[in-house]
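Taking it in order: structure first as structure tokens, then the write-up.
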Amino acid sequence: MGLYRDEGIVLRTHKLGEADRIVSVCTRRHGKVRAVAKGVRKTKSRFGARLEPPTHVQLQLYEGRSELHVIDQAETIDHFRDIRDDLDRLTRAVSMLEAADQLGLEGEPNPALFQMLLGALRALAGHSGPLVVPGFFLKVLALEGFRPVVDRCVECDAVTDLVAFDLDSGGTRCAAHRVGTAISPAAVVLLGDILDGRLGQALNERPSDATTEVDHLATRALEHHLERRLRSIAILDRG
Ligand SMILES: [Zn+2]
């Protein structure tokens, strides 16, 4: 690969040595990339704030001798200032960045994950309804091959009277096969909107008990998939 260019979303950074950082990026064509940004913590760094999450950046990188690549150039495509300047939106963005960080694999291109993350950040920067984050979680679960069943009972295929949602069996359940968490009819409709091609409509939903239900279900479904709680979600739950 040598020298290459790609665009990506900065997921997180951590310090390396005196002046450098390791930057994790969800790229469009190269999967998750971990790369060294040399001198980025110096006051006069040529990178400035361009490598802070959740910036959308155009990067030029080269493969180092270690597994870490090295960032040679970075140009900002979008700083997502509306997200950074709002603690609530930033917290929600971080939960999506954490999910992308845990789902993305180094050396395995995943352009759909990149595109979903970019779309979700743009939605969060825009109207920012309550279903942006749960919508992203459910969509990436579907991308991973763990799409929950939300239109019928996972036990008997009944399409009416869906009253429960069970993570272990993979979705909604009817009254006769009630296991798991109780779910309202309105929340079942929203889950269907998100997963059956009406995400745009779901993103315009106003906050309600049903959106809160879907938020909790999506978070738990993702956690269940990742088999460990995301740190940022734990922070939100305590709030
Ligand atoms: Zn049933």
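List of remarks:
- Selection count, the range 172-183, where residues are within 11 Å of the ligand (Cβ to nearest atom) and either of a type outside the set (D, E, K, R) or within 13 Å of residue 220 (Cβ to Cβ) (or both): 6
- Residues located in the range 184-202, provided they are open to solvent by less than 30 Å² (accessible area, probe 1.4 Å) and away from the ligand (no atom under 16 Å from the Cβ): 187, 190, 191, 192, 193, 194, 195, 202
- For residue 176: the one exception among (1) part of a helix (DSSP H, G or I); (2) among the small types (Gly, Ala, Ser); (3) touching a helix residue (DSSP H, G or I) at 6+ places or on another chain (Cβ under 8 Å): (3)
- Criterion applied to 166, 151, 161 was being more than 24 Å from residue 206 (Cα to Cα) and more than 9 Å from the ligand (Cβ to nearest atom), and the one residue passing it is 166.
- Members of the range 197-216 found to be at pLDDT 95 or above and not in a loop (DSSP other than H, G, I, E, B), listed by number: 209, 210, 211, 212, 213, 214, 215, 216
- Those residues of the range 34-67 which are open to solvent by 10 Å² or more (accessible area, probe 1.4 Å) and not in a loop (DSSP other than H, G, I, E, B), in sequence order: 34, 36, 58, 60, 62, 63
- Residue identified as modelled with pLDDT of 95 or more, under 11 Å from the mean Cα position of the chain (by Cα) and crowded, with 21+ Cβ neighbours inside 10 Å among 138, 131, 124: 138
The values are calculated or read from the model by the stated rules, or taken from the named source; none is laboratory data. The model shown is predicted, which means the values in this text are computed figures rather than measured ones. As a convention, Cβ positions derive from the backbone with ideal geometry for all residues, glycine included, and neighbour counts pool all protein chains shown. Keep in mind that these areas ignore ligands, DNA and RNA; they rest on the heavy atoms of the full protein, side chains included. Shrake-Rupley method; radii C 1.70, N 1.55, O 1.52, S 1.80 Å.
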